[in-house]
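Student: Take this structure first; my questions come after.
The values are calculated or read from the model by the stated rules, or taken from the named source; none is laboratory data. Since the structure is predicted, the reported quantities are computational estimates derived from the model, not experimental observations. Every residue, glycine as well, gets a Cβ built from its backbone with ideal geometry; the counts of neighbours run over all protein chains shown. To get the accessible areas, we keep the full protein, side chains included, count just its heavy atoms, and leave off ligands, DNA and RNA. Shrake-Rupley method; radii C 1.70, N 1.55, O 1.52, S 1.80 Å.
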Amino acid sequence: MSTLRLFYLILAVSASIHAITYDVTVPTEWWQTNVIYEIWVESFKDSDGNGKGDLNGIKSKLDHFVDMGVTCIWLPPIYETPMVDSGYDISNFIAVNSLYGTLEDFDALVTAAHELGLKVIIDFVPNHTSDEHEWFVKAKQGIEPYYSYYVWNKGVYYGDYLSYPNNWLDVFNDGTAWEWVDEREAYYLHQFSVHEVDLNWRNPLVMTEMKNVLTFWLDRNVDGFRIDAVPYYVESSTLENETRSDKDVDSTDYIYLNHTQTKDQPENYPLVQEWKDHINNYTASKGNDKVRFICTEGYSDIDYVMKWYDYGDDFPFNFNFIRAGDIANEAVLDTAEDIYGIFVEWLDNMPSGKTANWVLGNHDFSRIATRIGLYRTDGLHMSVLLMPGVFTMFNGDELGMTDTYLTWEETLDHSACSATNTTYSLISRDPWRTPFQWDNTTSAGFSTNSTPFLKVNPNYLTVNLATEKEADFSHYKNIQQTIALRNTTVWREGTVDVELIEDQVVGIARQLDGEEPIVVLINWENFTVTVDLDNYFDGLPNELSLKIADIYSGLSAKIEDTYSKSSIELPEYGSMVLLGTTSA
Ligand code: GLC
C-alpha cells in the first residue's frame, strides 16, 4: 500500500454551535496512528558503565515502550562523529558512533524492536557533514569531486582587505557562517557549527551520495527517517546580504538578521520529494509491501511548513507548541486561547487528506514540564494524544522530567560552550538532555557509573519510572492510559471538535455514531470553572464518566464518577478525559 495514500481528509463539514467540526478519514497505514518516541541515545540507558547511553542500553529497555503503548522509536544520529553537536556532525554516514556500539548492535536493536512490534526510524542529516568527514578532508586538499560537494567562496576584497562573501550568520550564534581555509584560499559555508560543513545541494553528485546513504540504512531494515534541518539545504545563489531584523541583539546572534537568503528557499522542497521517491523505489524493488514514512524538521512560518506535505513528506513536525514559526520565537502557551489557537491553526492549514501531528518536546528545546509547569502537563498530553494524527514525545516527558540546572563547568553543548559563563544558560541544550530517570538507585538507574556524562536531575529520587509505575496515579500512568484510548474506533475515525470554553478551558470532543465519545477538558487557569458542554458541543450524551485526570488537582479521587454534561466543575489547572455512553 502506498504511504502517500490519502488519510485524514480533514474538511470543515459542519458547524457546531460555536466552532468547526473536522471530519477525520480512516488511517490506513501504521505510521498514521503512531506515538513516536525520541530516544536521546546518549542519556537513555548506559549498558557498559562508561556513563554514556548506548544501543545495547536501548535494547535492554524496549519493554518500556511496549508498556507505555509507544509504537515507534526514533534514534537521533547514531553515526560516526566527533560529537561536536551531539552526533549531528557526522564523519561517516554509514558507520555507527563507537560510543553507542557497533553496526551489529544496531542490527540487533532493530531486530529486537521489530520482534516486539515496534518500528524504528533514524535521523537523516543531509545539510552538512562533519569537518572530519573523509569528503571534507579531501575537499580541503582540493581533490575533486569532493571539493565541489561543499559551498566555497573566495570572499570579497575591500581594497587590500579580504572579507567574508556576505553577512550570513550561523544558527549557533558563532557569528559569520563562513570559515576561511588557507590551503584553498577560500571560505566554506556552515549554517550550523563551524565543524558542520554545508553540503552543496546544487551538485547532483551530492544527491547520489546521500541516496546511497539512505539505501545503506534501508538495507538494515529501518522503518523510516526523520529528516533534519530541511529549511537550510540550499541558499540563494546571488549571495545577497540578509537584512537587519528588528531584534535588539548582538550582531553575532543568529536572530540579528532576517534569513531570506539562507532559509526556506524553494529549491529545498524537491530534494525531499526525491528522497521519498528513492525510499519508495527501494521498497518496490524489494517486491514487498513494507510501508516506510518520512517526517521533516523545520522551524518556519506555517506556509513554508505546510508546503512540505506537497513534496513527499508524510508530515512536517508541528513544532507550534515549541516555537512560534521561526526558530527564534518561543511558542506562547500562556492562555487557553493560545493552546486552542495552536490546535486549530494546524487543522485549518493542513492540506486535505494529510496526517496531522503534534510535538511537545525534543532535544533542542526546554522540556514541556518546565515551560508550562507540571500542573498543566497531564492535560496537554491528554489533548495532543487524543487529537487525530501522530504524537512525538521526547524521552522523559512521560515522567514529567524537568530541565536540570547545570553549571558553566558542567556544560557540554557546543552552542553554549561558544557563549560565556554568563550567557551559556540561555543557549545550552544540556538541561533537557540529562540522564533518563529509571529509578532511585545510582545515577537514577541510567548507569552503574556514578558520574554520568551529564549530571542526573536531583529530583530523580521521586521523579522516576519505577516510582511512577508503583503509584496509583502518575504522569506516566496518565500517558499510558491516554495512549490506550488511541486504540478505539472513535479515536481512529471520529470527528474532532476543538473549543475554547469560557476563555480558560480547551475542550476536545471525538465523536462517531455508535461509539462512546471521548471528551478532553483542560483548565489552563488557576481558578475553578464550571462548564456547560451543551453550549459548545453537539451530540454528546447527557452523562459522561471521568476516566483519566491530572494528578494534582484532586480530580484523581473522582475517577469513574459520572458528570452531567451541562455542569462539569474543573478545579484550578484541572484536566480530565471523559467517556460517554452512546445513549444521548
Ligand atoms: C537540527 C537538530 C539539532 C542540530 C541541527 C544541526 O536542528 O535537531 O540538534 O544541532 O539540526 O544538525
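Student: If I fit a long axis through the Cα atoms of helix 268-285 and take the longest principal axis of the Cα atoms of the chain, what angle between them do I get, 0 to 90°, rounded to 10?
Tutor: Its long axis makes an angle of about 80 degrees.
Student: For a quick check of your reading of the filter: which GluC sites (Glu not before Pro) in segment 480-584 sit in a DSSP loop and have no more than 14 other Cβ atoms within 10 Å? Present the calculation step by step, with values, prior to reporting the outcome.
Tutor: Working: sites: E493, E499, E502, E515, E525, E543, E560, E569, E572; in loops: E502, E515, E525, E560, E572.
Qualifying residues, ordered by number: E560.
Student: Taking Cα atoms, how many degrees apart are the long axis of helix 204-218 and the longest axis of the chain, rounded to 10 and kept between 0 and 90?
Tutor: So the inclination is approximately 50 degrees.
Student: Let me check I've understood the local charge: for N203, count other residues with C-beta under 15 angstrom from its C-beta, Lys and Arg +1, Asp and Glu -1. What total comes out? The partial results should precede the final answer.
Tutor: On the way: positive: K138, R202, K211; negative: E144, D198, E209, E235, E267, E274.
Residues close to N203 contribute a combined charge of -3.
Student: Quick check: at a probe of 1.4 Å, how many percent of the accessible area of segment 106-170 sits on carbon and sulfur atoms? All intermediate terms of the calculation are to be shown ahead of the outcome.
Tutor: Working: 1440 of 2820 Å².
C and S fraction of accessible area: 51 percent.
Student: Considering amide H positions built from the backbone, and no H for Pro or chain starts, which residues 5 or more places from G155, or on another chain, come under 5 Å of its amide H?
Tutor: Y187
Student: Mind jotting down the distance between the C-alpha centroids of segment 503-524 and segment 139-191, whole Å?
Tutor: One Cα centre to the other: 54 Å.
Student: Still on this model: When the accessible area of segment 286-378 is computed with all protein chains present and a 1.4 Å probe, what percentage of it is carbon and sulfur? All intermediate terms of the calculation are to be shown ahead of the outcome.
Tutor: Values: 1250 of 2990 Å².
Percent of accessible area from carbon and sulfur atoms in segment 286-378: 42.
Student: Out of segment 351-448, which chymotrypsin sites (Phe, Trp or Tyr not before Pro) are coil in DSSP terms and have no more than 13 other C-beta atoms within 10 Å? Don't skip to the end; give the middle numbers.
Tutor: Values: sites: W358, F365, Y375, F391, F394, Y405, W408, Y424, W432, F436, W438, F446; in loops: Y405, W408, F436, W438, F446.
Here the chymotrypsin sites (Phe, Trp or Tyr not before Pro) that fit, given the DSSP loop and packing criteria, are Y405.
Student: Tell me the label-point distance for the pair D107, T451, using the 7 Å Cα-to-Cβ offset, in nm and rounded to one decimal.
Tutor: With each label placed 7 Å out from Cα toward Cβ, I get 3.7 nm.
Student: Now, a different point. Dipole of segment 145-293, Cα-centred, from +1 at each Lys and Arg C-beta and -1 at each Asp and Glu C-beta, to the nearest 20 debye?
Tutor: Working: 13 positive and 25 negative charges, 168 e Å.
Once rounded to the nearest 20, the dipole reads 800 debye.
Student: While we're here: Would you kindly state how much longer the chain becomes between Y157 and I94 on full extension, computed as 0.36 nm times their sequence separation minus their alpha carbon distance, in nm to one decimal? Walk me through the numbers before you get to the answer.
Tutor: On the way: separation 63, 0.36 × 63 = 22.68 nm, distance 4.02 nm.
The span from Y157 to I94 would gain 18.7 nm if fully extended.
Student: OK, next. Suppose we keep just the DSSP beta bridges with both residues in the chain; what percent of those would be antiparallel, to 5?
Tutor: Values: 53 of 77 bridges.
So the antiparallel bridges amount to about 70 percent of the total.
Student: Here's another thing I want to ask about it. Given a Förster distance of 45 Å, report the FRET efficiency between N221 and T441 from their Cβ-Cβ distance, rounded to the nearest 0.05.
Tutor: Working: r = 34 Å, r/R0 = 0.77.
Taking R0 as 45 Å, the efficiency between N221 and T441 is 0.85.
Student: Is segment 270-368 rounded, prolate or oblate when judged by the Cα gyration tensor, a ≥ b ≥ c being the square roots of its eigenvalues, rounded requiring a/c under 1.5 and prolate requiring a/b larger than b/c?
Tutor: Details: a/c = 2.42, a/b = 2.14, b/c = 1.13.
Taking the square roots of the gyration eigenvalues as a ≥ b ≥ c, segment 270-368 is prolate.
Student: Classify segment 228-322 from the C-alpha gyration tensor, please: rounded if a/c falls under 1.5, else prolate or oblate depending on whether a/b exceeds b/c. Can you show the working numbers first?
Tutor: Details: a/c = 3.49, a/b = 2.20, b/c = 1.59.
Prolate.
Student: Please go through segment 289-337 and write out the trypsin sites (Lys or Arg not before Pro) that DSSP classes as loop and that have at most 14 other C-beta atoms within 10 Å. Can you show the working numbers first?
Tutor: Numbers: sites: K290, R292, K307, R323; in loops: K290, R292.
Loop-located and lightly packed - K290.
Student: So if I restrict to the alpha-carbon atoms in segment 443-570, what is the Rg, and what is Dmax, the biggest pairwise distance, in Å?
Tutor: 18.4, 57
Student: Given the C-alpha centroids of segment 67-109 and segment 238-279, what is the distance between them in whole angstrom?
Tutor: About 27 Å separates the Cα centre of segment 67-109 from the one of segment 238-279.
Student: For M576, tell me the accessible area in Å² from a 1.4 Å probe, rounded to the nearest 10.
Tutor: So the heavy atoms of M576 present about 0 Å² to solvent.
Student: For a test of the definition: using alpha carbon positions, the gyration tensor, and the 1.5 limit on a/c, classify segment 362-454 as rounded, prolate or oblate. Mind showing how you got there, number by number?
Tutor: On the way: a/c = 2.37, a/b = 1.40, b/c = 1.69.
Oblate, since a/c reaches 1.5 and b/c is not below a/b.
Student: Still on this structure: Would you kindly find the accessible area of H381, with a 1.4 Å probe and non-protein molecules such as ligands, DNA and RNA excluded, rounding to the nearest 10 Å²?
Tutor: 10 Å²
Student: Under unit Cβ charges (Lys, Arg +1; Asp, Glu -1), what dipole magnitude, rounded to 20 debye, does segment 318-384 have relative to its Cα centre? Spell out each step's value before the answer.
Tutor: Numbers: 5 positive and 9 negative charges, 50 e Å.
Dipole of segment 318-384, to the nearest 20 debye: 240 debye.
Student: On a 1.4 Å probe surface of the protein chains, which of D85, D334 comes out largest in accessible area, and what is the full order?
Tutor: On the way: D85 10, D334 100 Å².
Largest accessible area first, the residues go D334, D85.
Student: Restricting to Cα pairs below 8 Å that are 6+ residues apart, what does the relative contact order work out to for the chain? Please round to a whole percent.
Tutor: On the way: 1288 pairs, mean separation 84.6, N = 584.
Once normalised by length, the contact order is 14 percent.
Student: Given 25 °C and 0.890 mPa s, compute D for the chain with the Stokes-Einstein relation, Rh being the Kirkwood radius over Cα pairs; round to the nearest whole µm²/s. Kindly include the intermediate steps, with their values, before the conclusion.
Tutor: Details: Rh = 24.9 Å.
Estimated diffusion coefficient is 98 µm²/s.
Student: OK, next. Between D310 and D289, what is the label-to-label distance in nm when each label sits 7 Å out along the Cα-to-Cβ direction?
Tutor: Result: 3.2 nm between the two label points.
Student: Something else now. Taking H as built 1.01 Å from N, whose amide H comes closer than 5 Å to the amide H of N357, not counting residues under 5 places away?
Tutor: V390
Student: Let me ask something additional. Determine the gain in length on full extension of the stretch E115-T562; use 0.36 nm per residue of separation and subtract their C-alpha separation, reporting nm with one decimal.
Tutor: Values: separation 447, 0.36 × 447 = 160.92 nm, distance 4.08 nm.
Net length gain for the segment: 156.8 nm.
Student: Right, another one. What spacing in nm lies between the two simple spin-label points modelled at V332 and A484, each 7 Å away from Cα in the Cβ direction?
Tutor: Using points 7 Å along Cα→Cβ, the separation is 3.9 nm.
Student: Please work out the average accessible area per residue across the chain, using the 1.4 Å probe convention, and give it in Å². Don't jump to the answer; show the numbers that get you there.
Tutor: Values: 21480 Å² over 584 residues.
That works out to 37 Å² per residue.
Student: Between 0 and 90 degrees, rounded to the nearest ten: what's the tilt of helix 374-386 against the longest Cα principal axis of the chain?
Tutor: 90 degrees
Student: Rounded to the nearest Å, what's the spacing between the alpha carbon centres of segment 24-61 and segment 389-425? Just the number, please.
Tutor: What the calculation gives is 19 Å, centre to centre.
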